[in-house]
Ligand SMILES: Nc1ncnc2c1ncn2[C@@H]1O[C@H](COP(=O)(O)OP(=O)(O)O)[C@@H](O)[C@H]1O
Ligand SMILES: [Mg+2]
């Protein structure tokens, strides 16, 4: 099957050619509808991979394509969510998640005259993530988990074909995180969009993804791909199964190697 | 508001003020402090009543110069603040210089302003402006420049232009900073105007105090001080009210954090 997202031998250094090399020789490809997870040591260029794929930064070398088109700038078929929910405190939850509609065409044009239709849509997205009836609340009236659910809604409101998640559950407690794994698992099953999830939680990667990409230490590139073929829908107690933990251990070892290489390259700052 | 809240917010400060006035009266009489040093409260209020017309006239001038200087400060402060806050790099480059410039005592330039513009209202207006526009620039720029980078990425990835990000996020976000700075700025503008009048002006409360002092009319000097403090409180209260009115969400979100 043809790839939906592809990065081909991509290099990027911040601050021009002489600057800090963040990723180098990075290649990966993700199929349409696939759930991909990216793991790697911190600072290895995972967030940079996100920015490259969404056209926020341009690579110095290599090609990036999404949905068959080369990426040269921002692409609006993408929805993004980060660890920090960054909801606007002066807007209600509903108005927060409708923010992308005020920017992306054709919604921007239509929003004025078809507001009811869009409000209904926003409310249905809220319901999908278990926040039915919370639209009128302000973000500060929501718990951390609920704020992160709203953040997901904001990323999904314009029906993006590609969802990019950068450590979205990093700041949440273990129980809330598992709840949200369920939410994102069901959303992916229901809507069939392509997901790229960056995470430092290997269990999260193995539980959610069809394929896990392991990155090397900076300058980052993909050093291993691991297909995860547990049947879907995956029950949450999968994470206590022996087969599951075997894969987690295998990935952990790979990352430990990547980190050890990094330490061998640059002495730790004193 | 509950009765307890009312006592705390209104009756308590009022009662304390009356107590202080009484104390002032008693101390002056008990130690027979000469009028030339400190007139009694009654003498001061008598002077306030006797010279009400001239005090009112000059108070209006001070108020006017303060407000004009403050208005200028808002226009210039907002314009420069937006310019500096537009990009995080400009902000990082300019911010230290702003802070350094802000620490120069602006009062020192009053004689220069008088030299340039003579003894009219101009030096007072300009002093009020100079002294009060820094907090506005700094706060507007900070509000704009500290938009969460993640949110900016989310919106930029959707194709948002810088102008859209400013309109939807930056400007609303900097409003509490802006209104907060107005409270500081109005107080500074008022101080600036009065200081400039004291240094040399044709009208205004500062000038009136100077004249009264020269004529040994000490109760009038104190009467002017009282009017100054009342005006100061009024100006502050108006801006604080405007702040509450327009940025209620910032207060509410603080309470609920
Ligand atoms: N805007 C930037 N300017 C300069 N260096 C950056 C910038 N963003 C990230 N970096 C550097 O690039 C490297 C990779 O960063 P990042 O992609 O954020 O890593 P990760 O998300 O894997 O932790 C890090 O060393 C980081 O310090
Ligand atoms: Mg990161």
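The values are calculated or read from the model by the stated rules, or taken from the named source; none is laboratory data. Nothing here was measured: the structure is a model prediction, and the numbers come from that model. Cβ sites come from the backbone with ideal geometry, for glycine too, and all protein chains shown count toward neighbours.
Regarding residue A:55, is this residue within 14 Å of chain B (Cβ to nearest Cβ), under 16 Å from the mean Cα position of the chain (by Cα), away from ligand 2 (no atom under 16 Å from the Cβ) and not in a helix (DSSP H, G or I)? Yes.
Okay, residues lined up against (1) within 16 Å of ligand 2 (Cβ to nearest atom); (2) outside any strand (DSSP E or B); (3) within 22 Å of the chain's Cα centre (by Cα); (4) within 13 Å of another protein chain (Cβ to nearest Cβ):
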position	(1), (2), (3), (4)
A:18	no, yes, no, no
A:23	yes, no, yes, no
A:26	yes, no, yes, no
A:44	yes, yes, yes, no
A:64	no, no, yes, no
A:86	yes, yes, yes, yes
A:105	no, yes, no, yes
A:117	no, yes, no, no
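Restricting the stretch A:65-87 to residues that are surrounded by fewer than 22 Cβ atoms within 10 Å (Cβ to Cβ), touching a residue at least 60 places away in the same chain (Cβ under 8 Å) and within 23 Å of residue A:220 (Cα to Cα), the residue that is nearest to ligand 1 (Cβ to nearest atom) is A:83. If you go through the stretch A:28-42, how many residues are surrounded by fewer than 21 Cβ atoms within 10 Å (Cβ to Cβ) and either within 11 Å of ligand 2 (Cβ to nearest atom) or closer than 13 Å to residue A:7 by Cα (or both)? Within the stretch A:28-42, residues that are surrounded by fewer than 21 Cβ atoms within 10 Å (Cβ to Cβ) and either within 11 Å of ligand 2 (Cβ to nearest atom) or closer than 13 Å to residue A:7 by Cα (or both) number 3. For the stretch A:48-64, the criterion of being more than 30 Å from residue B:176 (Cβ to Cβ), within 16 Å of ligand 1 (Cβ to nearest atom) and modelled with pLDDT under 90 is met by none of the residues.
Of the helices (runs of 4 or more DSSP H) entirely within the stretch B:141-257, those holding at least 1 residues that are away from every other protein chain (no Cβ under 14 Å), crowded, with 16+ Cβ neighbours inside 10 Å and in contact with a helix residue (DSSP H, G or I) (Cβ under 6 Å, 6 or more places away or on another chain) occupy B:171-199, B:205-214, B:218-246. Each residue in the stretch B:8-25 was checked for being out of contact with any helix residue (DSSP H, G or I) (no Cβ under 9 Å at 6 or more places or on another chain) and either surrounded by 12 or more Cβ atoms within 10 Å (Cβ to Cβ) or in the same structural domain as residue B:215 (by TED's automatic domain parsing) (or both), and 1 of them qualify. With the requirement that a residue be in a strand (DSSP E or B) and away from ligand 2 (no atom under 16 Å from the Cβ), what does the stretch A:1-16 give you? Residues satisfying the conditions are A:3, A:4, A:5, A:6, A:7, A:8, A:9, A:10, A:11, A:13. What single numbered condition from (1) out of contact with any strand residue (DSSP E or B) (no Cβ under 9 Å at 6 or more places or on another chain); (2) in a helix (DSSP H, G or I); (3) within 16 Å of ligand 1 (Cβ to nearest atom) fails to hold for residue A:171? All conditions are met except number (2).
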